[in-house]
């Protein structure tokens, strides 16, 4: 197996042969105007254009709606795009403000200090300019990102040839040093799906890095079907869509003649023909060259640049979410490509369409019951009834929420919603902290501490108690102590009075009521005074009443009472007779027991 990146894509730029998946210039562009010296330019970014038909300027920005996307963000230096390539000419005037950060040379196994030039071919510099050439500086072009950190990973030599192991090592180094996006404008058909490369891709993907790779340029100038002749790394997604594959299009949204295509390896398309970008010519080194270049190598940084804008606007977005955001928002170009893939229709072979930055950056509407990730904190909120409620990690998992359903906040959307209480765990959930034995139950969206009495009387089990962090528990709203269930009999140590839970409060029980309700001392739970102090107290001083329908009188006065609704109603003789009551059914109780029954209106 050949483990070197073959020099398979060639082009001519002002008489200079270039390689590495490189620029395949239009024949008409091979002239002096293919090299532009910035020193001749005196206007602010004179080659910037918001006209997608201006072939001699940055037509690809307007074509992909990047100027409109700048309304949402112009990038961030906190976003790191690693360019695994030939290096970057960091002293280029369009790259020399510190945006080229420290990188690594996997060929020599040496660090590349921040701001140091490392390109001895020119390919990596061209890629870097598309992603992040300095904008609005009165010279040259405008990169897709006005603010960005570009990480040079030199894995390809001056001749455009590199070891696959060097590329794999570069992916791992970039991942370990904070890269959010890895641009892979390289590859080939002859080295196969290398194990080291496959492992590196899996390593990066598992660490939330978005890998974006070129489809490749076919030397036959018609493109090859990658489903039949796979190219790597674009096809090296390990069967899990770990790599975002990019095909190239022209100014008319047609597949570029040279671009490869396929259903399995290509996810999206982007402009890759006559792309104006930063240049570096080793034979005539200069810091102020712009070039026109073509190739899938140039389509990849268009997508990488837009991905970096998405990351800047959504710092906590995942690689999978970026992948989805890019692909679902692409423009349909298939009607324009009915005979562009080997003379037949390209339907399904150019991914989801041509990338659209504006659509990818446009905030998704927050609808009822949406899960939204806050851009500044990464916190997840449930939006409902115009209120946002924090969702903790435990609650997210317990309630069965799905990560793919989360939308990312853009431009402070969540500020439009009032802050509500955090979303609690499910009703009845038992919780505790690792460092505290207190057990809580979720009741009416509050967490209520439990006494041993309540825990036992409600039949709870320690096996059902969930341990969460103190921080997460502190976010939940505390409530009063939870109460025993109605009917629970309680005896306080040192006190002979028996209490019964009735309508969520404790009430003392007289001997008559104890017997009438057929209560049993075997069911009485003895508790400490401390535990008993947490049992809810009734709003009045009355005891548990006899059963409804009970007729009673005291042993010291003749008034007969009827118990209804938990209160005693004095009965007139007329009512007594009218209801056919019998004197033999009247229970005579001590006056003190009659006094503790709540009074009601006379009947």
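Data for the structure
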{"quantity": "Filter pass, residue 209 being touching a strand residue (DSSP E or B) at 6+ places or on another chain (Cβ under 9 Å), closer than 19 Å to residue 330 by Cα and modelled with pLDDT of 95 or more", "calculated": "no"}
{"quantity": "Residue selected from segment 433-456 under the condition surrounded by fewer than 20 Cβ atoms within 10 Å (Cβ to Cβ), in a strand (DSSP E or B) and in contact (Cβ under 8 Å) with a residue 40 or more places away in the chain, by the criterion farthest from the chain's Cα centre (by Cα)", "calculated": "449"}
{"quantity": "Of the criteria (1) under 27 Å from the mean Cα position of the chain (by Cα); (2) in a helix (DSSP H, G or I); (3) in contact (Cβ under 8 Å) with a residue 60 or more places away in the chain, which one residue 317 fails", "calculated": "(2)"}
{"quantity": "Hits in segment 381-393 - residues which are crowded, with 18+ Cβ neighbours inside 10 Å, out of contact with any helix residue (DSSP H, G or I) (no Cβ under 6 Å at 6 or more places or on another chain) and under 21 Å from residue 467 (Cβ atoms)", "calculated": "390, 391"}
{"quantity": "Test: residue 171 is under 25 Å from the mean Cα position of the chain (by Cα), touching a residue at least 24 places away in the same chain (Cβ under 8 Å), under 23 Å from residue 233 (Cα atoms) and not in a loop (DSSP other than H, G, I, E, B)", "calculated": "yes"}
{"quantity": "Answer residue from segment 407-431, given it is in contact (Cβ under 8 Å) with a residue 40 or more places away in the chain and assigned to a strand (DSSP E or B) and is farthest from residue 374 (Cα to Cα) among those", "calculated": "431"}
{"quantity": "Filtered residues of segment 267-281 (kept if in a strand (DSSP E or B) and closer than 25 Å to residue 329 by Cβ)", "calculated": "268, 269, 270, 271, 275, 276, 277"}
{"quantity": "Segment 457-498 - residue that is under 30 Å from residue 509 (Cα atoms) and part of a strand (DSSP E or B) and, of those, farthest from the chain's Cα centre (by Cα)", "calculated": "498"}
{"quantity": "Number of the condition not met by residue 196 [criteria: (1) touching a helix residue (DSSP H, G or I) at 6+ places or on another chain (Cβ under 8 Å); (2) assigned to a helix (DSSP H, G or I); (3) modelled with pLDDT of 95 or more]", "calculated": "(3)"}
{"quantity": "Residue in segment 379-397 that is part of a loop (DSSP other than H, G, I, E, B) and under 26 Å from residue 241 (Cα atoms) present", "calculated": "no"}
{"quantity": "In segment 51-73, residue farthest from the chain's Cα centre (by Cα) [restricted to those that are under 18 Å from residue 278 (Cβ atoms) and in a loop (DSSP other than H, G, I, E, B)]", "calculated": "56"}
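Okay, residues lined up against (1) assigned by TED's automatic domain parsing to the domain that holds residue 240; (2) surrounded by fewer than 24 Cβ atoms within 10 Å (Cβ to Cβ); (3) within 34 Å of the chain's Cα centre (by Cα):
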site	(1), (2), (3)
252	yes, yes, no
261	yes, no, yes
266	yes, no, yes
271	yes, no, yes
280	yes, no, no
294	yes, no, no
297	yes, no, yes
303	yes, no, yes
307	yes, no, yes
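The values are calculated or read from the model by the stated rules, or taken from the named source; none is laboratory data. What you are looking at is a predicted structure, and each value in this text was computed from that prediction instead of being measured. Every residue, glycine among them, receives a Cβ derived from its backbone with ideal geometry; neighbour counts consider all protein chains shown.
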